[in-house]
1. Asn294 passes all but one of (1) more than 12 Å from Lys273 (Cβ to Cβ); (2) free of Cβ contacts under 8 Å to residues at least 40 places away in the same chain; (3) under 21 Å from the mean Cα position of the chain (by Cα); (4) surrounded by 14 or more Cβ atoms within 10 Å (Cβ to Cβ); which number fails?
2. Report yes if Ser203 is without any contact (Cβ under 8 Å) to a residue 40 or more places away in the chain, open to solvent by 20 Å² or more (accessible area, probe 1.4 Å) and either farther than 16 Å from Val94 by Cβ or of a type outside the set (Asp, Glu) (or both), otherwise no.
3. Can you say whether Ala64 is in contact (Cβ under 8 Å) with a residue 40 or more places away in the chain and either part of a helix (DSSP H, G or I) or crowded, with 17+ Cβ neighbours inside 10 Å (or both), as far as the supplied structure shows?
4. From the residues in the range 99-117 that are in contact with a Cys (Cβ under 7 Å, 6 or more places away or on another chain) and in a loop (DSSP other than H, G, I, E, B), which one is modelled with the lowest pLDDT?
5. Of all the residues that make up the range 170-215, how many are part of a loop (DSSP other than H, G, I, E, B) and small (Gly, Ala, Ser)?
6. Being closer than 19 Å to Ala61 by Cα and touching a residue at least 12 places away in the same chain (Cβ under 8 Å) is the filter here; which residues of the range 1-21 pass it?
7. Determine whether the range 11-31 contains at least one residue that is at pLDDT 90 or above, open to solvent by 30 Å² or more (accessible area, probe 1.4 Å), part of a helix (DSSP H, G or I) and in contact with a Leu (Cβ under 9 Å, 6 or more places away or on another chain).
8. Only residues that are in contact with a strand residue (DSSP E or B) (Cβ under 9 Å, 6 or more places away or on another chain) and either of a type in the set (Lys, Arg) or open to solvent by 10 Å² or more (accessible area, probe 1.4 Å) (or both): list them for the range 275-289, please.
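The values are calculated or read from the model by the stated rules, or taken from the named source; none is laboratory data. As the structure is a prediction and not an experimental result, all values here were calculated from the model. Note that each Cβ is placed from the backbone with ideal geometry, even for glycine, and that neighbours are counted across all protein chains shown. Note: areas computed on protein heavy atoms with side chains; ligands, DNA, RNA excluded. Shrake-Rupley method; radii C 1.70, N 1.55, O 1.52, S 1.80 Å.
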Amino acid sequence: MTSLQDIQSFRSKLYSMFPSRRDAIMNLLDAISSHAHRCDSVVKLSEAKYFKRSYCSITDAIKAASKIEADDWHKMMALAFTHMQPTKVNRFIVDVTSNPRPYAKTLKERVITHSPNPAPSNKPICVGHPYSVIVGLPDGVRAENKHWVKPLSAQRVKSDEKGHDIGMRQLVELINKLGKSGNLNISFGDSLYGTPECRKTASEESNLVHIYRLRISRNIFLPATESIRSPGRKSEYGQKVSLSDPDTHPPHNEEIEWSWENTQGKTYTAKIKLWKDLLIRGTKDFKSSEHQINALQIIVTNEDGNDVFKRPLWLAVFGKSRHEIEIKDAYSGYCSRYDIEHFFRFSKQKML
(Lines give C-alpha, C1' and ligand atoms only; values in the text may rest on other atoms or scores of the structure.)
Protein backbone atom coordinates (compact mmCIF):
# COMPACT_ATOMS: atom_id res chain seq x y z
CA MET A 1 0.00 0.00 0.00
CA THR A 2 1.69 3.16 -1.19
CA SER A 3 -1.05 5.80 -1.05
CA LEU A 4 -3.07 7.38 1.71
CA GLN A 5 -6.29 6.31 -0.03
CA ASP A 6 -5.28 2.65 0.17
CA ILE A 7 -4.55 2.94 3.88
CA GLN A 8 -7.84 4.72 4.57
CA SER A 9 -9.76 2.13 2.56
CA PHE A 10 -8.06 -0.72 4.40
CA ARG A 11 -8.75 0.84 7.81
CA SER A 12 -12.39 1.38 6.88
CA LYS A 13 -12.84 -2.28 5.91
CA LEU A 14 -11.00 -3.41 9.02
CA TYR A 15 -13.20 -1.19 11.18
CA SER A 16 -16.42 -2.61 9.72
CA MET A 17 -15.24 -6.17 10.36
CA PHE A 18 -15.21 -5.85 14.15
CA PRO A 19 -18.51 -7.02 15.74
CA SER A 20 -18.35 -4.64 18.74
CA ARG A 21 -16.13 -2.09 20.51
CA ARG A 22 -14.87 -0.93 17.12
CA ASP A 23 -13.51 2.41 18.30
CA ALA A 24 -11.71 0.82 21.25
CA ILE A 25 -10.10 -1.82 19.02
CA MET A 26 -8.93 0.76 16.48
CA ASN A 27 -7.55 2.92 19.30
CA LEU A 28 -5.67 -0.11 20.61
CA LEU A 29 -4.21 -0.87 17.17
CA ASP A 30 -3.08 2.75 16.79
CA ALA A 31 -1.55 2.67 20.27
CA ILE A 32 0.37 -0.52 19.45
CA SER A 33 1.63 0.97 16.18
CA SER A 34 2.84 4.20 17.76
CA HIS A 35 3.67 3.44 21.39
CA ALA A 36 4.28 -0.29 21.92
CA HIS A 37 8.07 0.01 21.58
CA ARG A 38 8.07 2.22 24.70
CA CYS A 39 6.01 -0.18 26.83
CA ASP A 40 6.90 -3.33 28.71
CA SER A 41 3.26 -4.34 29.30
CA VAL A 42 -0.04 -4.16 27.44
CA VAL A 43 -1.64 -2.03 30.18
CA LYS A 44 0.87 0.78 29.55
CA LEU A 45 -0.64 1.22 26.09
CA SER A 46 -3.39 3.20 27.82
CA GLU A 47 -0.84 6.02 28.20
CA ALA A 48 -0.40 6.31 24.43
CA LYS A 49 -1.60 9.48 22.71
CA TYR A 50 -3.93 7.61 20.36
CA PHE A 51 -5.64 5.52 23.06
CA LYS A 52 -8.37 7.89 24.20
CA ARG A 53 -9.86 5.60 26.84
CA SER A 54 -9.01 4.24 30.28
CA TYR A 55 -6.80 1.18 30.75
CA CYS A 56 -9.77 -1.12 31.48
CA SER A 57 -10.93 -0.65 27.88
CA ILE A 58 -7.87 -2.56 26.67
CA THR A 59 -9.10 -5.88 28.00
CA ASP A 60 -12.58 -5.15 26.62
CA ALA A 61 -11.10 -4.44 23.19
CA ILE A 62 -9.05 -7.66 23.21
CA LYS A 63 -12.08 -9.67 24.31
CA ALA A 64 -14.23 -8.18 21.55
CA ALA A 65 -11.55 -8.77 18.91
CA SER A 66 -11.24 -12.41 19.95
CA LYS A 67 -14.87 -12.98 18.91
CA ILE A 68 -14.21 -12.19 15.26
CA GLU A 69 -15.08 -15.12 13.03
CA ALA A 70 -12.15 -16.94 11.46
CA ASP A 71 -13.59 -16.52 7.96
CA ASP A 72 -13.69 -12.74 8.43
CA TRP A 73 -10.04 -12.75 9.48
CA HIS A 74 -9.10 -14.77 6.41
CA LYS A 75 -11.01 -12.39 4.12
CA MET A 76 -9.11 -9.45 5.57
CA MET A 77 -5.78 -11.27 5.29
CA ALA A 78 -6.55 -12.16 1.68
CA LEU A 79 -7.28 -8.49 0.94
CA ALA A 80 -4.05 -7.29 2.57
CA PHE A 81 -2.02 -10.11 1.03
CA THR A 82 -3.27 -9.26 -2.47
CA HIS A 83 -2.22 -5.62 -2.02
CA MET A 84 1.23 -6.57 -0.75
CA GLN A 85 1.81 -9.58 -3.03
CA PRO A 86 0.53 -8.87 -6.55
CA THR A 87 2.85 -11.45 -8.16
CA LYS A 88 1.75 -14.95 -9.15
CA VAL A 89 4.38 -16.69 -7.00
CA ASN A 90 3.77 -16.70 -3.25
CA ARG A 91 6.50 -17.56 -0.76
CA PHE A 92 5.82 -18.64 2.83
CA ILE A 93 7.94 -19.42 5.88
CA VAL A 94 6.64 -21.77 8.55
CA ASP A 95 8.16 -22.17 12.00
CA VAL A 96 7.32 -22.64 15.68
CA THR A 97 7.99 -20.11 18.43
CA SER A 98 7.37 -20.23 22.17
CA ASN A 99 5.37 -18.01 24.47
CA PRO A 100 7.01 -18.52 27.90
CA ARG A 101 4.57 -18.62 30.82
CA PRO A 102 6.76 -19.82 33.71
CA TYR A 103 4.67 -18.25 36.49
CA ALA A 104 1.16 -19.06 35.20
CA LYS A 105 0.84 -22.26 37.23
CA THR A 106 -2.91 -22.61 36.65
CA LEU A 107 -2.69 -22.06 32.89
CA LYS A 108 -3.99 -25.07 30.98
CA GLU A 109 -1.79 -27.21 28.74
CA ARG A 110 1.54 -25.66 29.62
CA VAL A 111 4.32 -27.76 28.14
CA ILE A 112 8.10 -27.86 27.96
CA THR A 113 8.94 -26.14 24.70
CA HIS A 114 12.07 -24.92 22.91
CA SER A 115 13.31 -21.44 23.74
CA PRO A 116 16.79 -19.93 23.25
CA ASN A 117 18.58 -19.65 26.58
CA PRO A 118 21.79 -17.59 26.70
CA ALA A 119 22.84 -18.88 30.13
CA PRO A 120 25.85 -21.24 29.87
CA SER A 121 25.19 -24.98 30.30
CA ASN A 122 21.41 -24.41 30.40
CA LYS A 123 19.10 -26.31 28.08
CA PRO A 124 17.23 -24.18 25.48
CA ILE A 125 13.78 -24.87 26.95
CA CYS A 126 11.02 -23.04 28.79
CA VAL A 127 7.56 -23.66 30.22
CA GLY A 128 4.72 -22.19 28.19
CA HIS A 129 2.83 -22.55 24.92
CA PRO A 130 4.36 -23.19 21.49
CA TYR A 131 2.78 -21.46 18.47
CA SER A 132 2.96 -22.43 14.82
CA VAL A 133 3.42 -19.26 12.75
CA ILE A 134 3.25 -18.67 9.00
CA VAL A 135 4.54 -15.49 7.37
CA GLY A 136 4.76 -14.33 3.77
CA LEU A 137 8.00 -13.24 2.11
CA PRO A 138 8.03 -10.08 -0.04
CA ASP A 139 9.56 -10.13 -3.50
CA GLY A 140 11.96 -7.96 -5.47
CA VAL A 141 14.09 -5.15 -4.07
CA ARG A 142 12.09 -5.02 -0.86
CA ALA A 143 13.09 -8.60 -0.07
CA GLU A 144 16.77 -7.93 -0.79
CA ASN A 145 17.14 -4.67 1.13
CA LYS A 146 14.78 -5.28 4.04
CA HIS A 147 14.06 -8.26 6.25
CA TRP A 148 10.37 -7.62 6.91
CA VAL A 149 7.81 -10.39 6.57
CA LYS A 150 4.01 -10.43 6.48
CA PRO A 151 2.42 -12.34 9.40
CA LEU A 152 -0.48 -14.39 8.10
CA SER A 153 -1.41 -17.07 10.62
CA ALA A 154 -0.60 -18.15 14.18
CA GLN A 155 -2.00 -21.23 15.86
CA ARG A 156 -1.25 -22.64 19.29
CA VAL A 157 0.19 -26.14 19.32
CA LYS A 158 -1.60 -28.33 21.85
CA SER A 159 0.21 -30.67 24.20
CA ASP A 160 -0.67 -33.77 22.16
CA GLU A 161 0.37 -32.25 18.81
CA LYS A 162 3.64 -31.67 16.97
CA GLY A 163 4.42 -28.18 15.77
CA HIS A 164 5.76 -29.16 12.35
CA ASP A 165 2.77 -31.38 11.55
CA ILE A 166 0.37 -28.62 12.60
CA GLY A 167 2.36 -26.09 10.57
CA MET A 168 2.05 -27.94 7.27
CA ARG A 169 -1.69 -28.51 7.69
CA GLN A 170 -2.05 -24.87 8.68
CA LEU A 171 -0.15 -23.82 5.55
CA VAL A 172 -2.32 -25.83 3.15
CA GLU A 173 -5.49 -24.47 4.77
CA LEU A 174 -4.14 -20.92 4.59
CA ILE A 175 -3.31 -21.19 0.88
CA ASN A 176 -6.87 -22.29 0.12
CA LYS A 177 -8.48 -19.64 2.36
CA LEU A 178 -6.37 -16.91 0.75
CA GLY A 179 -7.53 -18.12 -2.66
CA LYS A 180 -3.94 -18.81 -3.78
CA SER A 181 -4.26 -22.50 -4.62
CA GLY A 182 -4.14 -21.69 -8.35
CA ASN A 183 -0.78 -19.91 -8.00
CA LEU A 184 2.67 -21.36 -7.54
CA ASN A 185 3.33 -21.44 -3.78
CA ILE A 186 6.74 -22.05 -2.22
CA SER A 187 7.25 -22.81 1.47
CA PHE A 188 10.46 -22.97 3.49
CA GLY A 189 11.10 -24.92 6.69
CA ASP A 190 13.90 -26.49 8.68
CA SER A 191 14.67 -30.21 8.82
CA LEU A 192 11.68 -30.99 11.08
CA TYR A 193 9.35 -30.06 8.22
CA GLY A 194 10.64 -32.96 6.13
CA THR A 195 8.95 -35.78 8.05
CA PRO A 196 6.71 -38.23 6.16
CA GLU A 197 3.64 -36.60 7.72
CA CYS A 198 4.74 -33.14 6.52
CA ARG A 199 5.51 -34.41 3.02
CA LYS A 200 2.17 -36.19 2.90
CA THR A 201 0.35 -32.96 3.78
CA ALA A 202 2.38 -30.93 1.27
CA SER A 203 1.62 -33.44 -1.50
CA GLU A 204 -2.11 -32.70 -1.14
CA GLU A 205 -1.58 -29.21 -2.60
CA SER A 206 -0.63 -29.64 -6.26
CA ASN A 207 0.84 -26.13 -6.67
CA LEU A 208 2.90 -26.20 -3.47
CA VAL A 209 6.68 -26.64 -3.60
CA HIS A 210 8.09 -27.32 -0.14
CA ILE A 211 11.81 -26.63 0.45
CA TYR A 212 13.39 -27.91 3.65
CA ARG A 213 16.83 -28.74 5.01
CA LEU A 214 18.17 -32.28 4.88
CA ARG A 215 20.22 -33.49 7.81
CA ILE A 216 23.77 -34.50 6.89
CA SER A 217 23.09 -37.95 8.39
CA ARG A 218 20.16 -38.54 6.02
CA ASN A 219 20.23 -41.31 3.40
CA ILE A 220 18.40 -40.77 0.12
CA PHE A 221 17.99 -43.15 -2.82
CA LEU A 222 18.00 -43.30 -6.56
CA PRO A 223 14.85 -44.76 -8.18
CA ALA A 224 15.07 -48.49 -8.73
CA THR A 225 16.09 -49.65 -12.20
CA GLU A 226 15.26 -52.87 -14.01
CA SER A 227 18.85 -54.10 -13.83
CA ILE A 228 18.90 -54.33 -10.03
CA ARG A 229 15.41 -55.69 -9.54
CA SER A 230 15.17 -59.27 -8.33
CA PRO A 231 12.33 -61.76 -8.86
CA GLY A 232 9.35 -61.26 -6.59
CA ARG A 233 8.22 -57.98 -5.14
CA LYS A 234 9.55 -55.07 -7.18
CA SER A 235 12.01 -52.81 -5.43
CA GLU A 236 11.06 -49.14 -5.18
CA TYR A 237 14.41 -47.79 -4.01
CA GLY A 238 17.70 -48.14 -5.84
CA GLN A 239 21.25 -47.14 -4.93
CA LYS A 240 21.65 -45.56 -1.48
CA VAL A 241 23.15 -42.07 -1.38
CA SER A 242 24.68 -41.01 1.93
CA LEU A 243 24.85 -37.23 2.13
CA SER A 244 27.90 -37.37 4.40
CA ASP A 245 29.83 -39.70 2.05
CA PRO A 246 30.79 -38.10 -1.31
CA ASP A 247 31.83 -41.51 -2.67
CA THR A 248 28.17 -42.56 -2.79
CA HIS A 249 27.02 -39.47 -4.70
CA PRO A 250 25.95 -40.14 -8.30
CA PRO A 251 26.78 -37.64 -11.07
CA HIS A 252 24.82 -34.43 -10.54
CA ASN A 253 22.44 -33.03 -13.15
CA GLU A 254 23.30 -29.34 -12.89
CA GLU A 255 25.83 -27.09 -11.20
CA ILE A 256 26.00 -23.32 -10.80
CA GLU A 257 28.36 -20.91 -9.09
CA TRP A 258 27.98 -17.24 -8.28
CA SER A 259 29.61 -14.64 -6.04
CA TRP A 260 28.28 -11.74 -4.01
CA GLU A 261 29.59 -9.06 -1.67
CA ASN A 262 28.16 -8.57 1.80
CA THR A 263 27.66 -5.29 3.65
CA GLN A 264 31.20 -5.48 5.09
CA GLY A 265 32.71 -5.70 1.61
CA LYS A 266 33.67 -9.37 1.85
CA THR A 267 33.16 -11.58 -1.19
CA TYR A 268 31.66 -15.05 -0.94
CA THR A 269 31.06 -17.72 -3.55
CA ALA A 270 28.33 -20.37 -3.49
CA LYS A 271 28.73 -23.63 -5.40
CA ILE A 272 25.47 -25.52 -5.83
CA LYS A 273 24.96 -28.99 -7.26
CA LEU A 274 21.55 -30.36 -8.21
CA TRP A 275 20.39 -33.97 -8.26
CA LYS A 276 16.95 -34.53 -9.75
CA ASP A 277 14.25 -37.08 -8.91
CA LEU A 278 15.65 -38.78 -5.82
CA LEU A 279 13.69 -40.66 -3.16
CA ILE A 280 13.36 -40.56 0.62
CA ARG A 281 11.84 -43.44 2.54
CA GLY A 282 8.32 -42.93 3.85
CA THR A 283 5.86 -44.88 5.98
CA LYS A 284 2.92 -47.20 5.50
CA ASP A 285 0.59 -44.19 5.46
CA PHE A 286 2.69 -42.27 2.92
CA LYS A 287 4.11 -44.01 -0.14
CA SER A 288 7.17 -41.83 -0.54
CA SER A 289 8.40 -43.65 -3.65
CA GLU A 290 5.67 -41.87 -5.63
CA HIS A 291 6.87 -38.43 -4.52
CA GLN A 292 10.38 -37.63 -5.68
CA ILE A 293 12.57 -34.72 -4.60
CA ASN A 294 15.34 -32.61 -6.05
CA ALA A 295 18.40 -32.43 -3.79
CA LEU A 296 20.72 -29.41 -3.58
CA GLN A 297 24.21 -29.34 -2.09
CA ILE A 298 25.51 -25.86 -1.24
CA ILE A 299 29.14 -25.11 -0.36
CA VAL A 300 30.04 -21.49 0.47
CA THR A 301 33.66 -20.33 0.25
CA ASN A 302 35.37 -17.04 1.11
CA GLU A 303 37.85 -14.93 -0.85
CA ASP A 304 40.70 -17.30 0.06
CA GLY A 305 38.78 -20.32 -1.25
CA ASN A 306 38.23 -21.79 2.23
CA ASP A 307 34.90 -23.27 3.25
CA VAL A 308 32.87 -20.87 5.39
CA PHE A 309 30.90 -23.64 7.08
CA LYS A 310 32.11 -26.96 8.45
CA ARG A 311 29.61 -29.01 6.44
CA PRO A 312 27.74 -28.47 3.17
CA LEU A 313 24.12 -27.38 3.32
CA TRP A 314 21.65 -29.88 1.82
CA LEU A 315 18.16 -28.85 0.72
CA ALA A 316 15.24 -30.91 -0.55
CA VAL A 317 12.83 -29.44 -3.10
CA PHE A 318 9.57 -31.36 -2.81
CA GLY A 319 6.41 -31.05 -4.93
CA LYS A 320 4.98 -31.68 -8.37
CA SER A 321 6.20 -28.28 -9.60
CA ARG A 322 9.71 -28.65 -8.16
CA HIS A 323 11.37 -28.43 -11.59
CA GLU A 324 9.97 -24.90 -12.02
CA ILE A 325 12.15 -23.60 -9.17
CA GLU A 326 15.52 -22.20 -10.21
CA ILE A 327 18.52 -23.46 -8.24
CA LYS A 328 19.57 -19.99 -7.09
CA ASP A 329 16.01 -19.06 -6.11
CA ALA A 330 15.69 -22.18 -3.98
CA TYR A 331 18.87 -21.38 -2.05
CA SER A 332 18.25 -17.63 -1.68
CA GLY A 333 14.67 -18.30 -0.61
CA TYR A 334 15.83 -20.70 2.07
CA CYS A 335 18.35 -18.12 3.31
CA SER A 336 15.41 -15.71 3.70
CA ARG A 337 13.82 -18.21 6.08
CA TYR A 338 15.76 -16.61 8.92
CA ASP A 339 13.74 -13.40 8.46
CA ILE A 340 11.01 -15.00 10.54
CA GLU A 341 13.36 -14.84 13.54
CA HIS A 342 13.49 -11.05 13.18
CA PHE A 343 9.69 -11.05 13.18
CA PHE A 344 9.57 -13.16 16.37
CA ARG A 345 11.91 -10.79 18.15
CA PHE A 346 10.19 -7.62 16.93
CA SER A 347 6.66 -8.85 17.63
CA LYS A 348 7.49 -10.00 21.16
CA GLN A 349 9.72 -7.11 22.25
CA LYS A 350 8.18 -4.20 20.32
CA MET A 351 4.60 -5.23 19.60
CA LEU A 352 3.99 -6.97 22.93
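1. (1)
2. Details: without any contact (Cβ under 8 Å) to a residue 40 or more places away in the chain: no; open to solvent by 20 Å² or more (accessible area, probe 1.4 Å): yes; either farther than 16 Å from Val94 by Cβ or of a type outside the set (Asp, Glu) (or both): yes.
Spelling it out, it is not the case that Ser203 is without any contact (Cβ under 8 Å) to a residue 40 or more places away in the chain, open to solvent by 20 Å² or more (accessible area, probe 1.4 Å) and either farther than 16 Å from Val94 by Cβ or of a type outside the set (Asp, Glu) (or both).
3. Details: in contact (Cβ under 8 Å) with a residue 40 or more places away in the chain: yes; either part of a helix (DSSP H, G or I) or crowded, with 17+ Cβ neighbours inside 10 Å (or both): yes.
Criteria met by Ala64.
4. Filtering the range 99-117 for residues in contact with a Cys (Cβ under 7 Å, 6 or more places away or on another chain) gives 100, 102, 113, 115.
After this cut, where a residue has to be in a loop (DSSP other than H, G, I, E, B) as well, the list is 102, 115.
Details: Pro102: 91, Ser115: 87.
Within the range 99-117, the match that is modelled with the lowest pLDDT is Ser115.
5. To start, the set of residues in the range 170-215 that are part of a loop (DSSP other than H, G, I, E, B) comprises 178-183, 190, 195, 204-207, 215.
Subsequent filtering for residues that are small (Gly, Ala, Ser) retains 179, 181-182, 206.
Final tally of qualifying residues: 4.
6. As a first pass, look at the range 1-21 and keep what is closer than 19 Å to Ala61 by Cα: 11-21.
Passing the criteria: Arg11, Lys13, Leu14, Met17, Phe18, Pro19, Ser20, Arg21.
7. yes
8. Initially, the range 275-289 is screened for residues in contact with a strand residue (DSSP E or B) (Cβ under 9 Å, 6 or more places away or on another chain), giving 275-281, 288-289.
Listed by number, the residues that qualify are Trp275, Lys276, Asp277, Arg281, Ser289.
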